[in-house]
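The values are calculated or read from the model by the stated rules, or taken from the named source; none is laboratory data. Quick caveat, the model's predicted, so the values are computed rather than measured. Here the Cβ positions follow ideal geometry from the backbone for every residue, glycine too, while neighbour counts run over all protein chains shown. These accessible areas exclude ligands, DNA and RNA; they are computed on the full protein's heavy atoms, side chains included. Shrake-Rupley method; radii C 1.70, N 1.55, O 1.52, S 1.80 Å.
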Amino acid sequence: MKNIQEQEIDFAGEKLVLTNQRALYWPAENTIILSDLHVGKAAHFRKSGIALPQQVATRDMERLRDLITHYHPEKVLITGDLLHAGMNSEVALLKDIIQENDSCKFLLVKGNHDRLSDRAFEELGIRILADGYAIGNIHFTHGDRQFSAGIHSISGHLHPGIHVAVGRKSTMRFPCFVVSDTQLILPAFSLFSGLDTSCVPEGAFCYAIYEDGLFAVSC
């Protein structure tokens, strides 16, 4: 079993569980929520002549499989950029996971990289949701969509990261969850992704992610 460490938070009146595997779990809805898997990105780079190992993709899919095995969710909800560049050999790894978990619904709010037709996604076993899809008072979106006052949102796209002081003169960057009163920004699920340390809004709270856990950082 993958090392899955948890941090429980309150958001929009709900208990959510952040994990060090760059995904969160919503117990009341029995739903895993994640973003920016960018499945097929490594294969896309290899096609362009950049020699990346197959393990880049398989590690992400192994983590997804472990999360599903651990939580036994009814739903896996992805807030965009599930695929990086259309269909390629690595998408078959995702399809295997979907077929192995036929009692679990895979739901997608499409992101800017999700260029397949809705029908093509449905053939993979993925249901497409409208941007701004809501469960209760929590709306799901990809990117910086603005909602009315009092609306809570969970989003992806930004690949948030944070600099953390290490010693007196050096810092390290960590992927993170960004949490404010009305917004929760998810880290990129893919390990093969950059970090944007400029996207953290003032006054937010960050939960930095490392291999063996999470830790809170005031932004």
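Here are the numbers:
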{"quantity": "Any strands (runs of 3 or more DSSP E) falling wholly within region 111-153 and containing at least 1 residues that are in contact with a helix residue (DSSP H, G or I) (Cβ under 9 Å, 6 or more places away or on another chain) and over 29 Å from Ser198 (Cβ atoms)", "calculated": "126-129, 133-135"}
{"quantity": "Counted residues, region 192-215 - those being open to solvent by less than 60 Å² (accessible area, probe 1.4 Å), over 10 Å from Ile162 (Cβ atoms) and at pLDDT 90 or above", "calculated": "2"}
{"quantity": "Scan of region 111-143 for residues that are at pLDDT below 95 and within 15 Å of the chain's Cα centre (by Cα), ordered by number", "calculated": "Gly111, Asn112, His113, Asp114, His142, Gly143"}
